[in-house]
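Notes follow once the structure below has been shown.
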Amino acid sequence: MIDFELSDEQKQIQSMARAFAREHVLPHAAAWDRETRYPEEVVEAAAELGLLNVGVPEAVGGLGLGMLDEIVIAEELAYACMGFYTILMASDLGLTPIVLAGTAEQQRRFLEPLTTQARLAAFALSEPDNGSDASGLRTQARFEGDEVVLDGTKMWISNGEQASVIVVFATVDVQSGHKGTVAVVVEGGTPGLEANPIHGKLGQRASPTAELVLRGVRVPSANVLGEVGDGFKIAMRTLDRTRVPVAAGSVGVAQRALDEAISYASTRQAFGGPITRFQAIQFKLADMKIGLETARWMTYRAAWLIDRGLPHTEASAIAKCYASDVAFKAAEEALHVHGGYGYVDEFPVGKLMRDVKLNQIYEGTNEIQRVVIARGLMR
Amino acid sequence: MKIVTILKQVPDAEARVRASGGTLDLSGATLVIDGMDEYGVEEALRIRERGMETEIVALACGPERAAEAIRTALAMGVDRAVHVVSDVTLDAVAMARVLAGVVQDEAPELVFVGGKQADWDSSALGPALAEALGWPHADWTTELTFEDGTITVTHDIDDGTETLTLPLPAVVTTQQGLNEPRYPTLPNIMKAKRKTLEARPLADVAAAAGAPADRATELRASEIEARSRRNVVLDGDAKTAATELVRRLRDEAKVL
Ligand SMILES: Cc1cc2nc3c(=O)[nH]c(=O)nc-3n(C[C@H](O)[C@H](O)[C@H](O)COP(=O)(O)OP(=O)(O)OC[C@H]3O[C@@H](n4cnc5c(N)ncnc54)[C@H](O)[C@@H]3O)c2cc1C
């Protein structure tokens, strides 16, 4: 049985998220971008509405929302500002390993506090010398009595400086590949943990990104998720899920690009009339729509598989890769439809393109998504 | 304390509606709870939050789809809702008679109605409801306080504002300035699923209230005014163009 209708609650969630995004995010997005400002107060407002950390399970104070609920929110927030949405998205990315692999006690200890206050989580996998090749990570984990000691550097960590809960991926033995990997929960402010903000990002500047340096960071071994050897698996299972919100954010940006292109093209005059008279412009809009709709439904399908507990590795990789490619193309075309005006920051289309470029890179570059898809085909 | 808040579902102010042959095509338009009614919902919630034990009941008369607007009110925090399901487009007076039937059953102390209905720009529903109930009424209210068995409201009149004290039960129409309506939160949206939304057919409610289940006025003809744009481009340098713009705004559009 196929049903393409959102539930009544999902429609309510959508209209609330849309109203919030259009009123509290969209009007400020250009300024956050220009000033590279992390809009803490708006993150707090989002948390008050329940939009932050929606992935926390019901048993530990969350709302028990599904992936479909989450992506309905994602699309609306990303429409207003992809950078802003990345703050919330990266927090859900950070808490997902705990949802997937944490014990009831760990979930209570780390996740419950994320529901009572505007607190962020972070996911620390990438390192200065390895991103795509995540199993080559070098951050060291050493067990000493009932503690784990962490040493190393994590790179590009969204919310790294702000997060109160960080899942750090490390290895007990650099030589042993996957088998040595561990996922360890580190609380923000633990001695030895230093966050250095990364400057000069092309886009998504509302979202703070940091380098995390860990020097002898000690946490209880009760903070280890699963067992030694599970780290890489936990990271991959996490990304299999969280690529779907990246896809949904991309769909939001694609929709925005299309709306901006239509609105500009219908008022811009050339050769005695609006440029929408030209079929060359109409075809651009039509192509954007084709990409947008197909990306949206692929994203919904991947979310649907997750909500039903069905295998979703391939679907989420397809959705993430396709939707971000479609969105980048849509943003580029929207910029082009604006002519010279698209090239300056008076119009939002340039930012859309700069922002959504990242969607093709993080949570696994689109080459890595193809690697994942192809690996499934060859099996 | 019991409060009934009347709701209407209307097209979003930014919705694109298509007009053709005297009718409006709302398919594709986003429909929302009337902004004016939202002030009433918010005010009821605030009265409860100030510590007065209050039951809040949302009441709407409209087609099946109006349930979406009712759910928004439930998600904002209203306790339960009654939906008089009607496929007939009732005018304000007929709708007031139907609603009065339900209000009488509910027997609240206070009824909130939006000061104006955004769909046909009519301000008649509140006064007509008060008339049908035989209750006192204050319109265009921007401030409201309680004192044993009475309410004191400040409302707009042509020359400014006026403060009135009314005995309860009463009908109060709400407007901008009364408060800033909240967004429904995610937890409340999920909770609203479990709240009662009672649907009653128009015919039954009207019969019980002794009201006709049809319009009170006869519609002879209706026309939708289609305004065409002027497509004027002002020539000359910025100064000349600005001077001309001001002149047109003042002398022709009469907005300055
Ligand atoms: C703003 C920002 C925020 C981020 N947030 C986080 C975060 O919160 N947590 C986190 O852990 N990481 C985060 N990242 C890191 C991100 O996930 C990585 O940048 C990404 O996975 C790519 O890794 P890399 O930069 O090391 O590139 P590399 O792995 O060095 O790749 C370089 C190029 O080679 C290509 N390539 C690599 N391997 C293959 C292959 N097998 N086949 C074909 N092509 C290949 C890549 O596609 C890419 O084009 C963030 C990055 C940015 C820029």
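The values are calculated or read from the model by the stated rules, or taken from the named source; none is laboratory data. Remember, predicted model here, so these are calculated numbers, not experimental data. Here the Cβ positions follow ideal geometry from the backbone for every residue, glycine too, while neighbour counts run over all protein chains shown. SASA here: full protein model, heavy atoms, side chains in, ligands and nucleic acids out. Shrake-Rupley method; radii C 1.70, N 1.55, O 1.52, S 1.80 Å.
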Among the residues of segment A:129-171, write down those that are part of a loop (DSSP other than H, G, I, E, B) and under 30 Å from residue A:41 (Cβ atoms).
A:159, A:160, A:161, A:162, A:163, A:164
Note: among A:188, A:229, A:249, just one is more than 25 Å from residue A:319 (Cβ to Cβ) and within 15 Å of the ligand (Cβ to nearest atom), namely A:188
From (1) open to solvent by less than 60 Å² (accessible area, probe 1.4 Å); (2) more than 9 Å from the ligand (Cβ to nearest atom); (3) at pLDDT 95 or above, pick out the condition that doesn't hold for residue A:136.
(3)
From (1) assigned by TED's automatic domain parsing to the domain that holds residue B:100; (2) small (Gly, Ala, Ser); (3) surrounded by 13 or more Cβ atoms within 10 Å (Cβ to Cβ), pick out the condition that doesn't hold for residue B:216.
(1)
With A:77, A:95, A:88, A:68 as the choices, which residue is within 13 Å of residue A:14 (Cβ to Cβ) and open to solvent by less than 10 Å² (accessible area, probe 1.4 Å)?
A:77
Of the conditions (1) surrounded by fewer than 23 Cβ atoms within 10 Å (Cβ to Cβ); (2) within 22 Å of residue B:149 (Cβ to Cβ), residue B:130 clears all except one; give me its number.
(1)
Those residues of segment A:139-175 which are of a type in the set (S, T, N, Q) and either in the same structural domain as residue A:360 (by TED's automatic domain parsing) or more than 10 Å from the ligand (Cβ to nearest atom) (or both) amount to A:139, A:140, A:153, A:162, A:164, A:171, A:175
If you go through segment B:186-213 one residue at a time, how many are modelled with pLDDT under 95, part of a loop (DSSP other than H, G, I, E, B) and either within 30 Å of residue A:13 (Cα to Cα) or open to solvent by less than 20 Å² (accessible area, probe 1.4 Å) (or both)?
3
Restricting the search to segment B:244-256, which residues are open to solvent by 90 Å² or more (accessible area, probe 1.4 Å) and in a helix (DSSP H, G or I)?
B:250
